[in-house]
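Take a look at the structure below.
The values are calculated or read from the model by the stated rules, or taken from the named source; none is laboratory data. What you see is a predicted model, and the numbers here were worked out from it, not measured in a lab. Positions of Cβ are backbone-derived with ideal geometry, glycine not excepted, and every protein chain shown enters the neighbour counts. Surface accessibility is based on the protein's heavy atoms, side chains included, excluding ligands, DNA and RNA. Shrake-Rupley method; radii C 1.70, N 1.55, O 1.52, S 1.80 Å.
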Amino acid sequence: MTKFSLNDFWKVIKRYLLLLLIIPLLTTSLVYLVEKVVIPQEYTASTQLLITAQKAEEGQSFDDLRSSIQLIGTFSTTIQSEKVKQEVAKELGIEQVNEDIQVVTDQNSLYFNVDVTGTNQKNAIAVANTLGEVITADFPELFSGMSVHVMEKAKQATPEPIKFQLILGFVFGLMMSIVFAFSMLLFSSVITKDTQLRDIGLTVLGDTPFKKMRK
């Protein structure tokens with residue numbers, strides 16, 4: 001088997017440099033077109049909620065607050081439940097909520113950021129704000145001694161970033177360029193070393209420099 005050095009690989013890179021640079025650019029451009037033209041653009045609207053303990057008997061508020069922190073996972077699941085989605089759909093006068101709902105919170109915080117993602121900006125904002133209203137009304141009934149306050153309503157829906165997809169597209173194109181370079185090095189039919197002639201059973205007596213003949 002013919003052995004190749006780093007210098008051989010570098011020669012291949014210099015020879016096909018333009019093509020090797022074009023491949024990552026093409027894959028990145030393809031990802032951009034797919035994300036912008038083929039796949040519908042998604043938008044995310046966010047509303048911020050705060051869960052607090054209602055004041056009842058003196059000295060009970062701290063215990064309620066500590067219990068609230070321990071029930072963060074339950075609160076998050078409730079916000080994303082089908083029951084809540086159905087109530088939101090009823091309030092908006094639609095059959096169902098097709099938007100994706102995600103709840104983001106700190107483990108030791110009672111602040112909840114509710115992200116609503118969909119293909120329509122206005123619908124995403126409407127669902128996020130209506131969700132806040134529904135949760136505010138339902139939570140005191142579902143969790144005794146707890147109340148929900150809307151700290152910040154959704155005012156706009158921002159498009160989902162595609163930076164990560166573009167980076168993946170560029171890295172994939174870069175890998176294709178490396179594979180292509182290795183393929184050109186391994187399967188090239190051009191003889192560049194005397195060892196390549198010996199590998200196919202030919203005897204090498206010597207070499208002569210190439211000289212261009214004058215006309």
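What tally of residues in segment 111-143 results from selecting those that are in a loop (DSSP other than H, G, I, E, B) and either of a type in the set (Asp, Glu) or surrounded by fewer than 19 Cβ atoms within 10 Å (Cβ to Cβ) (or both)?
Step one: of segment 111-143, the residues in a loop (DSSP other than H, G, I, E, B) are 119-120, 143.
From what's left, either of a type in the set (Asp, Glu) or surrounded by fewer than 19 Cβ atoms within 10 Å (Cβ to Cβ) (or both): 119-120.
Qualifying residue count for the region: 2.
Of everything in segment 155-170 that's in a helix (DSSP H, G or I) and without any contact (Cβ under 8 Å) to a residue 12 or more places away in the chain, which residue is least open to solvent (accessible area, probe 1.4 Å)? If you could, list the steps in order and put the result at the bottom.
As a first pass, look at segment 155-170 and keep what is in a helix (DSSP H, G or I): 163-170.
Now restrict to residues that are without any contact (Cβ under 8 Å) to a residue 12 or more places away in the chain: 163-164, 167.
Values: LYS163: 148, PHE164: 135, ILE167: 90 Å².
Step by step, filter segment 155-170, then rank; the result is ILE167.
Of everything in segment 72-110, what is outside any helix (DSSP H, G or I), open to solvent by 60 Å² or more (accessible area, probe 1.4 Å) and modelled with pLDDT of 85 or more? Give them in sequence order.
Hits for segment 72-110 are GLN80, GLY93, ILE94, GLU95, GLN96, ASN98, ASP100, GLN102, VAL104.
For segment 1-71, list the helices (runs of 4 or more DSSP H) that sit wholly inside it and hold at least 2 residues that are at pLDDT 85 or above, open to solvent by 100 Å² or more (accessible area, probe 1.4 Å) and out of contact with any Leu (no Cβ under 9 Å at 6 or more places or on another chain); which are they?
17-33
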